[in-house]
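> Structure incoming, see below.
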Amino acid sequence: MAGTVRQYVVNAFTDTLFCGNPAAVCITGQWLPDDLMQAVAIENRLSETAYAVKEGDKYHLRWFTPGGEIDLCGHATLATAFVIHTFIEPGITSITFATLSGDLTVTCGTGRFEMVFPAYPLEKVAVTPAMVMALGAEPDEAYQARDMLCVFRNPDTVRSLQPDMALVKQMEGLLVHVTAPGDAQFDCISRSFAPRLEIAEDPVCGSGHCHIFPYWSGRLQKTTLVGYQASRRGGMVYGRFDQAQGRVFLSGLAVLFSVADLHLGQKAV
């Protein structure tokens, strides 16, 4: 049975407390049992709880939502890099994570943390009545990869959407992202919904931008992008899309919210 584990909660893709996307991070010497990692994620009720164990010169990284383990998560990767850079190996400038999506490299120590992620190839699909019913508005286009991406022409539509989560849960894709053109400050704005993972809205979704940025790169004919996630918390994602490599370079800031000890070996009395 596990004993005491140090847990950090970090707001990712922001430099402002109570904004961005909060992730819990646990750096341990060895793996906790899978059912215990899942139980902690359920107890945290954050969109992700990340666990990392150093193995050689890499950190093995896993991400758990309240609904189960997932294959890729941007904000919890940023949060984990922030914790390692700040508390575990101060001054480290590059971290390689071994994950279900392969090796992911994060560069740190230069202001924003930059992560190199795989881009999801998008397949255009028909806009269906079920999509319109679930989202409460009709997208102009829809694309399928790991997640569903729905494109609107008006950013105010994206900001004001009030989806029916029971119906969104029935849509194709692990998550559902909605996006629209930005303004002078942003290239695009987006929101991300994840009821299949027991999360209604993901405040700022890094892996979602592995769908969103490739789309806008093609549409805007530019490789460097700035995205705003228009959730209640809000957050900024900076990106660069390399089509030849099939890679998305995502970067953002992070701020610490809390440090706590989880007493995982105690029994109820």
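> Looking at the range 1-91, which trypsin sites (Lys or Arg not before Pro) are DSSP coil and have at most 16 other C-beta atoms within 10 Å of their C-beta?
Values: sites: Arg6, Arg45, Lys54, Lys58, Arg62; in loops: Arg45.
Loop-located and lightly packed - Arg45.
> So if each residue of separation counts as 0.36 nm, and I subtract the Cα-Cα distance between Val132 and Arg45, what length gain in nm does that give?
Working: separation 87, 0.36 × 87 = 31.32 nm, distance 2.86 nm.
Residue separation times 0.36 nm, minus the Cα-Cα distance, leaves 28.5 nm.
> Let's test the formula: R0 of 51 Å, r as the Cβ-Cβ distance of Asp156 and Asp103. What FRET efficiency results, to the nearest 0.05?
Working from the Cβ atoms, E equals 0.80.
> About the Cα centre of the range 123-244, what is the dipole size in debye to 20, counting +1 per Lys and Arg Cβ and -1 per Asp and Glu Cβ, all else neutral?
Here the size comes out at about 200 debye.
> List the trypsin sites (Lys or Arg not before Pro) within the range 130-223 that DSSP assigns to loop and that have no more than 11 neighbouring Cβ atoms inside 10 Å.
Listed in order of number, the matching sites are Arg153.
> For Leu197, what is the net charge nearby, where nearby means another residue's Cβ is under 14 Å from its Cβ and Lys, Arg count +1, Asp, Glu -1?
-3
> Can you give the relative contact order of the chain as a percent, counting alpha carbon pairs under 8 Å and 6+ residues apart? Could you put the intermediate results ahead of the total?
On the way: 661 pairs, mean separation 60.7, N = 269.
Once normalised by length, the contact order is 23 percent.
> With only alpha-carbon pairs counted, each pair once and no self-pairs, how large is the Kirkwood hydrodynamic radius of the range 58-189 in angstroms?
Hydrodynamic radius (Kirkwood, Cα pairs) of the range 58-189 is 17.0 Å.
> Using the alpha carbon gyration tensor of the chain, what are the three equivalent-ellipsoid semi-axes (square root of 5 times each eigenvalue), largest first, in whole Å?
Over the Cα atoms of the chain, the semi-axes work out to 31, 21, 16 Å.
> Enumerate the amide H contacts of Leu262 below 5 Å, restricted to partners 5 or more residues apart or on another chain; note that Pro and chain-start residues carry no placed amide H.
Amide H neighbours of Leu262, under 5 Å, 5+ apart: Val5, Arg6, Gln7.
> Between Val127, Met148, Ile189, whose Cα lies farthest towards the positive end of the dipole of the range 123-244 when Lys and Arg beta carbons carry +1 and Asp and Glu beta carbons carry -1, centred on the Cα centre?
Result: Ile189.
> So how compact is the range 1-96: Cα radius of gyration and Dmax in angstrom?
Taking only Cα atoms of the range 1-96, I get Rg and Dmax of 12.7, 37 Å.
> State the volume of the convex hull built on the alpha-carbon positions of the range 123-244, expressed per residue in Å³ and rounded to an integer.
Once divided by residue count, the hull of the range 123-244 is 95 Å³.
> Note down the net charge around Gln229, summing +1 for each Lys or Arg and -1 for each Asp or Glu among other residues with Cβ under 12 Å from its Cβ.
Counting the neighbours of Gln229, the net charge comes to +2.
> I'd like the GluC sites (Glu not before Pro) in the range 161-269 restricted to DSSP loop residues with at most 16 other Cβ atoms within 10 Å, sorted by number.
Of the GluC sites (Glu not before Pro), the ones in loops of the range 161-269 whose Cβ has at most 16 other Cβ atoms within 10 Å are Glu172, Glu198.
Coordinate-derived values only; no laboratory data. All of these numbers come straight from a predicted model, not from anything done at the bench. Cβ atoms come from the backbone with ideal geometry, glycine included; neighbour counts cover every protein chain shown.
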